[in-house]
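The values are calculated or read from the model by the stated rules, or taken from the named source; none is laboratory data. Because the structure is a prediction, the values reported are computed rather than measured. Cβ atoms come from the backbone with ideal geometry, glycine included; neighbour counts cover every protein chain shown.
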Amino acid sequence: AALEAPPPGGENQPQAGAVGLLCLPAASGPAPLAQMPLLAGENAATSVEDYRIRSFALSALAGLSGCPQVVVPLGRVCPITRAPLAVSFIARRGRDAQLLRAVAAAGIR
């Protein structure tokens, strides 16, 4: 079924200059361990293949929909493992410049 836009003047109307962003994790979880099996065996949730499938589901959203996406590294999660943390911002199709301005205005570098 097609989605219908709210009526003009409706309460769901964005404010002038507003940019609707979708914020997602950049990866589906911590990177797989070196000793993790490549293919799913008895426990499909602990394979590199499972990690790849889950991460692809997150990263393919923008590419398949034609929407602009920016992945922003935020730092390290754990001081011991130095695991990186990043988030992904997705905007509506054709809103590339607004997406970049919104991320820059938020001070995320």
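Of all residues in segment 48-76, those satisfying the criterion of being over 10 Å from the mean Cα position of the chain (by Cα) and not in a helix (DSSP H, G or I) are G66, C67, P68, P73, L74, G75, R76.
Scanning segment 77-109 for residues that are aliphatic (A, V, I, L, M), assigned to a strand (DSSP E or B) and either more than 15 Å from the chain's Cα centre (by Cα) or within 15 Å of S28 (Cβ to Cβ) (or both) returns L85, A86, V87. Please indicate, with yes or no, whether at least one residue in segment 54-71 is more than 14 Å from L22 (Cβ to Cβ), among the hydroxyl-bearing types (S, T, Y) and either in contact with a helix residue (DSSP H, G or I) (Cβ under 8 Å, 6 or more places away or on another chain) or crowded, with 17+ Cβ neighbours inside 10 Å (or both). Yes, some residue in segment 54-71 is more than 14 Å from L22 (Cβ to Cβ), among the hydroxyl-bearing types (S, T, Y) and either in contact with a helix residue (DSSP H, G or I) (Cβ under 8 Å, 6 or more places away or on another chain) or crowded, with 17+ Cβ neighbours inside 10 Å (or both). With respect to L64, determine if the residue is at pLDDT 85 or above, within 20 Å of A105 (Cβ to Cβ) and out of contact with any Asp or Glu (no Cβ under 7 Å at 6 or more places or on another chain). When the stated conditions are applied, L64 does not pass them.
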